Amino acid sequence: MMKKDSYSILGILTMILLSAMLAGSCARKPDPGEVLYSEFRQVDKLVLARMAVSKMATIDDLDLKDAVGLKQTGAAIIDAVKIGDRKAAYSYDTYLRAYIDMSDFSRDDIYVDDDSHTIQVRLPEILTEYAGRDAAIREEHYRVTGLRSSVLPRERAEMKERMNDALKKEVESNPEFRRRLVEAARSKGVAFFTSLADIDGYTVIVSFKEGTGGVL
């Protein structure tokens, strides 16, 4: 009897232990959606792509045919009789970037399908903006000879502002700049969040919301 009872007690204890282990295993299994949401919300403003757009301009004496008004006409006539050459070329960069603002990301943007073992992640729209410009223009070429006047700091400063205005108009009127920037951002964003959302046994599908796209 003692031996039989011992076996019975041992069997009961084994069953209790197995049940506890299974219950503990189920309790410890995290919800993939909650885990990913928690990880993704730690990301704030994520810059995914950058682009530098260059503009070049030259400074030369005013040609008589381009002069407007008596003052410019007089200056052009004087320059025309001066001996020598006056030619300077400068370049200047403005920077653009594409990013997503994860403060607009919610738990509803993650959908976990356990049957197909897929995780669909819908990220905020890709936004674009200006990210600064060069503090100074670069001198690419400078040639002042004879009696020609040197290029003055005032001329360079004025030219820089004109270049900046022209560059912004070009960027905002040509959708190709934003298209290329967003395309690069989308590719990097998919790779980054697919890697971040990597969970064994699940296929991750990343997409982006559509919107206005920012300032560009």
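Brief remarks on what is shown
- When peptides 164-177, 123-136 are ranked by their average number of other Cβ atoms within 10 Å per residue, the highest-first order is 123-136, 164-177.
- Whether region 147-216 is rounded, prolate or oblate, judged on the alpha carbon gyration tensor where a/c under 1.5 counts as rounded: prolate
- Near Glu170, once Lys and Arg are set to +1 and Asp and Glu to -1 for all other residues with Cβ below 11 Å from its Cβ, the sum equals 0.
- Electrostatic tally near Asp109: other residues with Cβ closer than 11 Å to its Cβ, Lys and Arg +1, Asp and Glu -1, net +2.
- Packing-based ranking of 152-158, 49-55 yields 49-55, 152-158, ordered from highest to lowest mean Cβ neighbour count within 10 Å.
- Only Cα pairs under 8 Å and 6+ residues apart enter the sum, and on that basis the relative contact order of region 96-162 stands at 31 percent.
- Using a cutoff of 8 angstrom between alpha carbon atoms and counting only pairs six or more residues apart, the relative contact order for region 83-216 works out to 40 percent.
Every number here is computed from the coordinates shown, using simple stated rules; none is lab data. What you see is a predicted model, and the numbers here were worked out from it, not measured in a lab. Positions of Cβ are backbone-derived with ideal geometry, glycine not excepted, and every protein chain shown enters the neighbour counts.
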